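Have a look at the structure below, then the notes.
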Amino acid sequence: MARVGLLGRIMLVLLGALSFLVVATFGIDQWQRGQERWPYGSRFPRLDQAAGIMFLMKDADPAQRPAILRAVNGEALRAEITDAPPDETALIREPVLEARLRRLTGDEADGIQAFTTTDMLYRGKGPADAGAGNRHRSIGSLAQATYRLPDGRTLVVSAITRHRSLMPWLLGQPLSLWVAVLGVAVAGLVTVGARHELAPLRRLTDAVSRFDGRAAEPALARQGAPEIRRLAQAVQAMQERIVGLMGERSMLIGAISHDLKTYLTRMRLRAERVAEPERRDRLVEDVDAMTALIETSMGFARSTAAEVGRAPVDLADIVAVEVAEHAAQGARISLSGEDVPDATVAGDAVALRRVMANLIGNAVKFGRSSVTVAVRRVGGTCEVVVEDDGPGIPEDERSAVFSPYFRVERSRNRRTGGTGLGLAIARQIAEAHGGTIVAEAAPSGGARLVVSLPALA
């Protein structure tokens, strides 16, 4: 059930209710049939009724026959008088029933005939069983009986085989069948209506998914149920508040950083006047570290509020340039896939260069002997894989390393652990480009970071 959407859940509830309705209707129909004491709507067996009709017609005045026919016709039997005997092609002669009719009517003449049909044969019986071997037991129920009247005309008594219970019938079909048909039609209409009503909710979901805190999504169409419209208005208002808070945060950090840099500049000037070289160098080093930390924090704050430009960027070229710079500084680093022709993404070349610089710089810093970098195209995604043979990242910290100011190296030494903002900035830039960064374990035991960005078609 966790994977079933709202539309699917609505349909499941609807289908469950309709199924219960169909089953209940069918059950009531069967129960009412079982409550009927006489299954054919009459307390007399059909054979007795047929014999009674024949007895009445035998001595009745021909002028009274139409009235008698109207009186005896009912739900179980239908009687009519014809000038010629009916066609017996589809009928099966039933001598046992004929003998009973003669006994009941008291007429031993040959004017009475009884028939059954294949539909009314008893279980295990067939047309061949109507022979001499079944003189004492009938092989089926009475389907039709004929009686030759004294004036030469023929009385035909036919059994009504279609059963009608107390449940309503429509166009010759039971109500339960029509309830099922109606249920399917209603389910189709509800599906169409529910999809139409859920369309604004899907658009709202897409808008929330696209929201990155930089700019509120455009106002959603004023349509759908009142609850969905109010939800859309609330979401848009929340986006605007978030954008405002992010902007205020950036302004606050910028103001604080500006003031701090002013004081740091004064401290550096005063530190350079210290006479003792060792103390002077340590003071200047601390001031420079504080300045670098403030600059990095400012970059992190700007990246959360700045809009990313969109232009074709050759990812392989950016990676190749960054690898070449580290190799020129003596790092043992190798690159594969620099000649991938379709590793082009849409984004900001400067920002993406910063991502690669952070990842490759960390790998060079923490790797023991070598670093490998690979660029590849996987379907509609461009990937950059950076691996080192360093101490690696513990499995329970592979998500936390992308949090601001989190460092796997706990010494708090800026020379070995950095500021703790590099990976956080890299992730922000990648997500702003519609991509991701994940940390994994390299085959050598070190760290393996994979950048995935949507490729240009």
Legend entry - Filtered residues of the stretch 106-122 (kept if under 10 Å from GLY140 (Cβ atoms) and open to solvent by 50 Å² or more (accessible area, probe 1.4 Å)): THR118, ASP119, TYR122
Inset, instruction - Kindly indicate the residue of the stretch 218-238 that is modelled with pLDDT under 70 and either hydrophobic (A, V, I, L, M, F, W, C) or touching a Phe, Trp or Tyr at 6+ places or on another chain (Cβ under 7 Å) (or both) and also surrounded by the most Cβ atoms within 10 Å (Cβ to Cβ) among those meeting that condition. - result: LEU220
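One line per residue, one yes/no per condition, for (1) open to solvent by 40 Å² or more (accessible area, probe 1.4 Å); (2) out of contact with any Ser or Thr (no Cβ under 6 Å at 6 or more places or on another chain); (3) in a helix (DSSP H, G or I):
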{"site": "MET57", "(1), (2), (3)": "no, yes, yes"}
{"site": "PRO66", "(1), (2), (3)": "yes, yes, yes"}
{"site": "LEU69", "(1), (2), (3)": "no, yes, yes"}
{"site": "ARG78", "(1), (2), (3)": "yes, no, no"}
{"site": "PRO85", "(1), (2), (3)": "yes, no, no"}
{"site": "ALA90", "(1), (2), (3)": "yes, yes, no"}
{"site": "LEU97", "(1), (2), (3)": "no, no, yes"}
{"site": "LEU104", "(1), (2), (3)": "yes, yes, yes"}
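Please go through the stretch 84-118 and give me each residue that is among the β-branched types (Val, Ile, Thr) and touching a helix residue (DSSP H, G or I) at 6+ places or on another chain (Cβ under 9 Å), ordered by number.
Step one: filter the stretch 84-118 for residues among the β-branched types (Val, Ile, Thr), giving 89, 92, 96, 105, 112, 116-118.
If the condition is that a residue be among the β-branched types (Val, Ile, Thr) and touching a helix residue (DSSP H, G or I) at 6+ places or on another chain (Cβ under 9 Å), then ILE92, VAL96, THR105, ILE112, THR116, THR118 are the ones that fit.
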Legend entry - Number of the exception - THR262 against (1) more than 30 Å from GLU431 (Cβ to Cβ); (2) at pLDDT 85 or above; (3) of a type in the set (Val, Ile, Thr): (2)
Inset, instruction - Quick one: PRO341 ticks every box in (1) touching a Ser or Thr at 6+ places or on another chain (Cβ under 9 Å); (2) open to solvent by 30 Å² or more (accessible area, probe 1.4 Å) except a single one, so which number is it? - result: (1)
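Here are some residues: ALA346, ALA324. Which one is out of contact with any Cys (no Cβ under 8 Å at 6 or more places or on another chain) and either of a type outside the set (Gly, Ala, Ser) or more than 15 Å from ARG377 (Cα to Cα) (or both)? Walk me through how you get there before you give the answer.
Details: ALA346 fails: either of a type outside the set (Gly, Ala, Ser) or more than 15 Å from ARG377 (Cα to Cα) (or both).
Exactly one residue qualifies, and that residue is ALA324.
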Inset, instruction - Could you grab me the full set of residues in the stretch 433-457 that are outside any strand (DSSP E or B), open to solvent by 40 Å² or more (accessible area, probe 1.4 Å) and in contact with a Leu (Cβ under 9 Å, 6 or more places away or on another chain)? - result: GLY434
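Looking at the stretch 324-345, which of the residues that are within 24 Å of GLY434 (Cβ to Cβ) and out of contact with any helix residue (DSSP H, G or I) (no Cβ under 6 Å at 6 or more places or on another chain) is modelled with the highest pLDDT? Don't jump to the end; show me each part of the working.
At the first step, the residues of the stretch 324-345 found to be within 24 Å of GLY434 (Cβ to Cβ) are 337-338, 340-345.
Among the residues that remain, those that are also out of contact with any helix residue (DSSP H, G or I) (no Cβ under 6 Å at 6 or more places or on another chain) are: 337, 341-342, 344.
Values: GLY337: 82, PRO341: 78, ASP342: 83, THR344: 88.
By that ranking, first place goes to THR344.
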Legend entry - Selected residue [of a type in the set (D, E, K, R), under 16 Å from GLU387 (Cα atoms) and either in contact (Cβ under 8 Å) with a residue 60 or more places away in the chain or surrounded by fewer than 18 Cβ atoms within 10 Å (Cβ to Cβ) (or both)] from ARG332, ARG354: ARG332
Inset, instruction - Within the stretch 48-75, track down each residue that is farther than 25 Å from ASP110 by Cβ and among the acidic types (Asp, Glu). - result: GLU75
Legend entry - Residues of the stretch 367-405 that turn out to be open to solvent by 50 Å² or more (accessible area, probe 1.4 Å) and either among the charged types (D, E, K, R) or under 19 Å from ARG427 (Cα atoms) (or both), as a count: 10
Inset, instruction - Can you give me the number of residues within the stretch 246-282 that are closer than 29 Å to ALA215 by Cβ and either open to solvent by 90 Å² or more (accessible area, probe 1.4 Å) or not in a helix (DSSP H, G or I) (or both)? - result: 4
Inset, instruction - Among the candidates LEU189, LEU175, LEU170, LEU182, single out the residue that is more than 30 Å from ARG9 (Cβ to Cβ) and modelled with pLDDT under 80. - result: LEU170
Inset, instruction - Scan the stretch 45-73 and report the pairs whose first residue is farther than 21 Å from GLY152 by Cα and in contact (Cβ under 8 Å) with a residue 40 or more places away in the chain and whose second residue is open to solvent by 50 Å² or more (accessible area, probe 1.4 Å) and assigned to a helix (DSSP H, G or I), with Cβ atoms within less than 8 Å and a gap of 6+ or a chain change. - result: LEU47/ARG100; LEU47/LEU104; ASP48/LEU104
Legend entry - Given (1) under 21 Å from ILE53 (Cα atoms); (2) modelled with pLDDT under 85; (3) among the hydroxyl-bearing types (Ser, Thr, Tyr), index of the condition THR146 fails: (2)
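The values are calculated or read from the model by the stated rules, or taken from the named source; none is laboratory data. None of the values given here were measured: they were computed from a predicted structure. FYI the Cβ positions are ideal-geometry reconstructions off the backbone, even for glycines, and counts take in every protein chain you see. When the accessible area is computed, the model is the full protein with side chains, heavy atoms only, and any ligands, DNA or RNA have been set aside. Shrake-Rupley method; radii C 1.70, N 1.55, O 1.52, S 1.80 Å.
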